[in-house]
Amino acid sequence: MDKIKVSGCIVTYNAKDKIAPTIDSLLEKTKGVDFTLYIVDNASQDGTAQYIKEKYPQVVVIESKVNSGFGAGHNKVLPFLESDFHAVINPDILLEDDVITELSEYASKDESIGLLSPQIRFTDGRVQMLAKRNPTVRYLGNHWFHKGDEPNRLMTEYCMLDMPEDTPFEITNATGCFMFFRTEVFRELGGFDERFFMYLEDCDIARRVSEKYKALHYPMATVYHLWERESKRNMKLLLIHIQSIVKYFLKWGIKF
């Protein structure tokens, strides 16, 4: 039997010093499928693209002349995809198991599945409380300004923390740090909405998937995410984040 074909894409920007662990874990752990990894480099100035070409000749590198953002960067692989499934992967993701094969085998059993989102954890094992319902003003406000580690009522509701941890369930919002699409669905949607330079393009595409197909959280498979939350410390990224929130609500309507 032929192996399931899976493609994966990482968009990089000045990531020369930190990209190797992610690529290594993807190539070392992904064994049960026919896997092709693409790197789209968004005009890095630190030699990221050349470094990857020299160190990982099996990886397909696409060099962009400009930094077009997260979603637009990922969309650059669309003309090349011949896979059954396609993974969108952050440059700070690590695998400890053959997660991609597990997700592929599960999604292959149900053609109505358009998107799977695995469990996301910090490297110390803590679960990252990433949103699973559509954003609203009160959800986002609470998410940004809530203090402490214990989730309150709104966070529990927004992140669906009361759902089971041992069975898949439907979602309308998934994190862009690791998204696992049926390739024909990703292509049908035209990839990410490029009006979002960065942030909330993942909320947008997950919502679009869920309108026509199943978008599922699959908590039995785990990926690890360093997640530095840079937009809470970097003013430029904070402004981009706010702009994306405005664009999202202008597109979908403001919900409180």
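The values are calculated or read from the model by the stated rules, or taken from the named source; none is laboratory data. Keep in mind that what you see is a predicted model, and the values were worked out from it rather than measured. We place every Cβ from the backbone using ideal geometry, glycine too, and count neighbours over all the protein chains shown. SASA here: full protein model, heavy atoms, side chains in, ligands and nucleic acids out. Shrake-Rupley method; radii C 1.70, N 1.55, O 1.52, S 1.80 Å.
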Filter result for V77 (open to solvent by 60 Å² or more (accessible area, probe 1.4 Å) and of a type in the set (V, I, T)): no
Failed condition for S244, given (1) farther than 26 Å from L94 by Cα; (2) open to solvent by 30 Å² or more (accessible area, probe 1.4 Å); (3) within 17 Å of the chain's Cα centre (by Cα): (2)
Residue among M129, M179 that alone is closer than 26 Å to T22 by Cα, part of a loop (DSSP other than H, G, I, E, B) and of a type in the set (A, V, I, L, M): M129
Failed condition for A174, given (1) open to solvent by less than 10 Å² (accessible area, probe 1.4 Å); (2) out of contact with any helix residue (DSSP H, G or I) (no Cβ under 7 Å at 6 or more places or on another chain); (3) of a type outside the set (K, R); (4) part of a loop (DSSP other than H, G, I, E, B): (2)
Residue match in the stretch 80-95 (condition: out of contact with any helix residue (DSSP H, G or I) (no Cβ under 6 Å at 6 or more places or on another chain) and of a type in the set (S, T, Y)): no
F186 being touching a residue at least 40 places away in the same chain (Cβ under 8 Å), open to solvent by less than 20 Å² (accessible area, probe 1.4 Å), in a helix (DSSP H, G or I) and of a type in the set (F, W, Y): yes
One residue from I113, I89 being touching a residue at least 40 places away in the same chain (Cβ under 8 Å), closer than 18 Å to C177 by Cβ and surrounded by 17 or more Cβ atoms within 10 Å (Cβ to Cβ): I89
Per-region count, the stretch 129-151, residues touching a helix residue (DSSP H, G or I) at 6+ places or on another chain (Cβ under 7 Å) and either among the β-branched types (V, I, T) or open to solvent by 30 Å² or more (accessible area, probe 1.4 Å) (or both): 6
Residues within the stretch 35-46 that are under 19 Å from the mean Cα position of the chain (by Cα) and either part of a loop (DSSP other than H, G, I, E, B) or without any contact (Cβ under 8 Å) to a residue 60 or more places away in the chain (or both), tallied: 7
In the stretch 11-34, residue most open to solvent (accessible area, probe 1.4 Å) [restricted to those that are part of a helix (DSSP H, G or I) and of a type in the set (D, E)]: E28
Output for the stretch 47-67, where each listed residue is open to solvent by less than 30 Å² (accessible area, probe 1.4 Å) and either polar (S, T, N, Q) or modelled with pLDDT under 95 (or both): T48, S64
Looking only at the stretch 180-215, and only at residues there that are in contact with a helix residue (DSSP H, G or I) (Cβ under 7 Å, 6 or more places away or on another chain) and among the hydroxyl-bearing types (S, T, Y), the one that is modelled with the lowest pLDDT: Y199
